[in-house]
């Protein structure tokens with residue numbers, strides 16, 4: 001299975017996106033601009049990295065019809081060794097000297113981010129071989145079922161309650177009156193919701209978990225609809241593609257995009 005060599009611009013843009021809204025965004029932007037003025041050296045360097053990744057991949061996946069998880073693990077371990085090799089380090093130094101960025105302590109970081117993008121592309125190819133047909137065809141819950149929406153309403157109520165009463169998460173409000181107003185807007189009584197809610201089918205999940213003091217928060221319809229939109233946005237971002245792209249930072253990436261939209 002061959003790795004398609006994409007337009008180098010897409011790789012630079014993907015790497016740059018990882019550093020947006022970080023303290024080193026400007027440093028990475030400067031490197032990107034210099035490459036944009038003269039891309040030949042970078043293109044040859046990146047093509048060379050593709051060849052190295054492909055070589056490691058061929059070694060670790062001799063049977064391209066059936067990949068196993070342990071082979072992917074060995075592939076990543078082997079690639080990590082390559083990152084520490086004199087061959088890779090010297091190649092990066094030569095590239096950075098060409099673009100007059102050798103003094104930047106972030107130049108090597110930029111190069112390694114590009115290599116990780118290449119690694120992600122190859123793992124995508126192999127991951128499809130690891131998954132069985134049953135896993136690939138398994139339906140993912142849409143969150144639109146009665147139980148799913150009811151649990152979302154329950155969890156949303158818990159979040160509202162925690163934001164008011166959990167010292168570690170509490171919203172800073174200047175007075176008890178503000179807290180009461182805040183709670184009244186976001187929640188409603190079960191009796192009112194039972195007779196007037198547009199989403200009455202979602203009330204049972206919270207009702208089943210209520211204790212004698214009825215202390216669980218019942219979300220108002222407006223609040224519930226907000227949490228539904230939030231949940232949809234979250235599900236749209238938590239994809240295999242984003243996991244391969246952002247790796248261990250996928251959750252932080254999802255949070256930053258959601259906060260930006262809000």
Does any residue of region 25-47 turn out to be out of contact with any strand residue (DSSP E or B) (no Cβ under 7 Å at 6 or more places or on another chain), assigned by TED's automatic domain parsing to the domain that holds residue 95, at pLDDT 80 or above and over 19 Å from residue 96 (Cβ atoms)?
no
Per the list (1) touching a helix residue (DSSP H, G or I) at 6+ places or on another chain (Cβ under 8 Å); (2) under 26 Å from residue 242 (Cβ atoms); (3) modelled with pLDDT under 85, residue check on residue 102 breaks on (2)
Of the residues 84, 54, which single one is exposed (fewer than 10 other Cβ atoms within 10 Å of the Cβ) and at pLDDT 85 or above?
84
Matching residues, region 193-238, being over 16 Å from residue 157 (Cα atoms) and out of contact with any helix residue (DSSP H, G or I) (no Cβ under 9 Å at 6 or more places or on another chain)
195, 212, 232, 235, 236
Exclusive hit being touching a strand residue (DSSP E or B) at 6+ places or on another chain (Cβ under 6 Å) and either touching a residue at least 60 places away in the same chain (Cβ under 8 Å) or in a helix (DSSP H, G or I) (or both), set 217, 206:
217
Check on residue 117, more than 30 Å from residue 233 (Cβ to Cβ) and modelled with pLDDT of 75 or more
no
Given the criteria surrounded by 11 or more Cβ atoms within 10 Å (Cβ to Cβ), in contact with a helix residue (DSSP H, G or I) (Cβ under 7 Å, 6 or more places away or on another chain), in contact (Cβ under 8 Å) with a residue 40 or more places away in the chain and within 15 Å of residue 17 (Cβ to Cβ), does residue 245 qualify?
yes
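The values are calculated or read from the model by the stated rules, or taken from the named source; none is laboratory data. What you see is a predicted model, and the numbers here were worked out from it, not measured in a lab. Positions of Cβ are backbone-derived with ideal geometry, glycine not excepted, and every protein chain shown enters the neighbour counts.
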